[in-house]
Amino acid sequence: MQIRFWGASALFLILAVTCVSQSRSWRLQEKTYAELARAKVGLTRLREASLNRKEALARLKAQTVDNTENKTSEMLIYWKLDEIKERLRSDDLTVAAIEKKRDKVSLPYTLKFNNHSYHEFINAIRYLQKSSSPWTPISSITISQSGDPGRSGVVFTIAGNVLVNDKSKP
């Protein structure tokens, strides 16, 4: 009787240890499965982001190629000048003749803003300085009192160049 008791106790102990270890193993498998599912979702998001990035780069490259490679230096300069005129809406825009020096082509310009806010003037300067090819370096900035009789105000003047590398040079 005692042997049966100890045998049954040993068998019960073995079964209990096996059940506990099996339960622990299942919980670990469920946790691993949940991690794999989360990783799969993350991988899908990464693939989508990568495809979106590739598409955006392809569109940007296509726009850049269309806007620069098929146009002459003069066309690029006039295109940039139109963009400046549209974006900054100055009261007066004066340009000089196109200058060609070595491997650069430039067009001097002068923008005048009458009675505009200082904030708009600073934004115009920021836009011109951050402009990419064709570049628009600023050579001088003038702030003066309006000389018109009957009109009081401030006149902001920006002088600079629209500058591009000459495409006719090898």
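Each reported figure results from applying straightforward, stated rules to the coordinates on display, with no laboratory input. What you see is a predicted model, and the numbers here were worked out from it, not measured in a lab. Quick reminder, even Gly has a Cβ in these numbers, built from the backbone with ideal geometry, and neighbours come from all protein chains shown.
Listed from fewest to most Cβ neighbours within 10 Å, the set F156, F113 follows the order F113, F156.
Close amide H partners of N161, meaning residues 5 or more places away or on another chain with modelled amide H under 5 Å apart, are Y109, S139.
Got the relative contact order for segment 73-165 handy, in percent, Cα pairs under 8 Å and 6 or more residues apart?
After rounding, I find 33 percent.
May I ask for the angle, rounded to the nearest 10°, between helix 2-68 and the longest principal axis of the chain, with both axes built from Cα atoms and the value confined to 0 to 90°? The helix 2-68 is inclined about 10 degrees to the chain. If you average the C-alpha positions of segment 4-34 and of segment 92-163 separately, how far apart do those two centres end up, in angstrom? Each part's Cα centre sits 82 Å from the other's.
With coordinates expressed along the principal axes, the C-alpha atoms belonging to segment 73-165 extend over 46, 23, 20 Å, beginning with the largest. Shown here is the pair-distance distribution of the chain: with all Cα-Cα distances grouped in 10 Å bins from zero up to the longest one, the shares run 8, 21, 16, 12, 9, 7, 6, 6, 5, 5, 3, 1, 0 percent. Dipole check for the chain: with +1 at the C-beta of Lys and Arg, -1 at the C-beta of Asp and Glu, and the Cα centre as origin, the magnitude is about 980 Debye.
Farthest toward the dipole's positive end in the chain, which of G160, I125, A39, given Cβ charges of +1 (Lys, Arg) and -1 (Asp, Glu) about the Cα centre? The Cα lying farthest towards the positive end belongs to A39. As a proxy for reagent exposure, V155, V95, V17, V162 were ordered by neighbouring Cβ count within 10 angstrom, fewest first; the result is V17, V95, V155, V162.
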